[in-house]
Amino acid sequence: MSKKAKKDKKSRPQPKPNWQIPNSMIRKITLYGPRYYLQHAREYPILGCWIMAGWFEAGITSVVVAREMAPDKVLFAHCIVDLTCLGVKVAHARTDISLSQFMRTLPELCNQRPEKCSPELAHEVIYGAIEYAERYGFNPHPDFKIQLVDLVLDPPDAHPRVDNVAFGKDGKPFYVSGPYDDDRKSQSVINTLMRTAGQGNFDYILAMDGTSDLLTLDDLDDDIDFDDDVISD
């Protein structure tokens, strides 16, 4: 080959390599957040349910329903339930919690007195209290829906109500004001009971100086620290 031919060959532009990945080889990756898992919570088996020991005598209790996302991952719903008047007072749900962290937190959720119970009892306490409260004009805390707690639970008719849980006290609503129930809140509850139950058909106790041994459960969520953020879209 002549020197000129060799020179022409060297000066000829070389094609650029094509580093683009063919579309056929691209796979879509979807990242799911807490809300997605809560929306699909019923697809995971129930790991266990817990209630507060002595719940019936106290008239107010925590109820925890946990589901197994993976061998070491848990999602759960937690409700503070007033069985005598207001129904679900506090509600929240969390996902992607390690099993060890959940078990460490469980005593705090149940006022240091967790007691394992059947799914039937857990759901009867929650749904029964909601239904009883609604009869007298009280709805569950907005977070029951906002935090998707209702989707962590089974549907209301999923379990037979075999425990015959009694709501109210002595056959009528019994309101005990909580430590954060100011005069306006307490008066609003009493006015609602006057309208729905009628005078003489309910009882109430107003806590003095913002203290009430029966209602220390209202402070639970302020003391519990979780790593994940508030649920959002």
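A few comments on the model shown:
- In a reduced charge model with +1 at each Lys and Arg Cβ and -1 at each Asp and Glu Cβ, the stretch 33-89 shows a dipole moment near 200 debye about its Cα centre.
- Relative contact order for the stretch 132-209: 39 percent, from Cα pairs under 8 Å spaced at least 6 residues apart, divided by residue count.
- Overall shape: prolate for the stretch 37-142, with the ratio a/c of the largest to smallest alpha carbon gyration tensor axis at 1.5 or above and a/b above b/c.
- Surrounding net charge for L193, when Lys and Arg each add one and Asp and Glu each subtract one, Cβ distance under 14 Å: +1
Values in this text are rule-based calculations from the coordinates and carry no lab data. As the structure is a prediction and not an experimental result, all values here were calculated from the model. In this analysis, Cβ positions are derived from the backbone assuming ideal geometry, glycine residues included, and neighbour counts consider all displayed protein chains.
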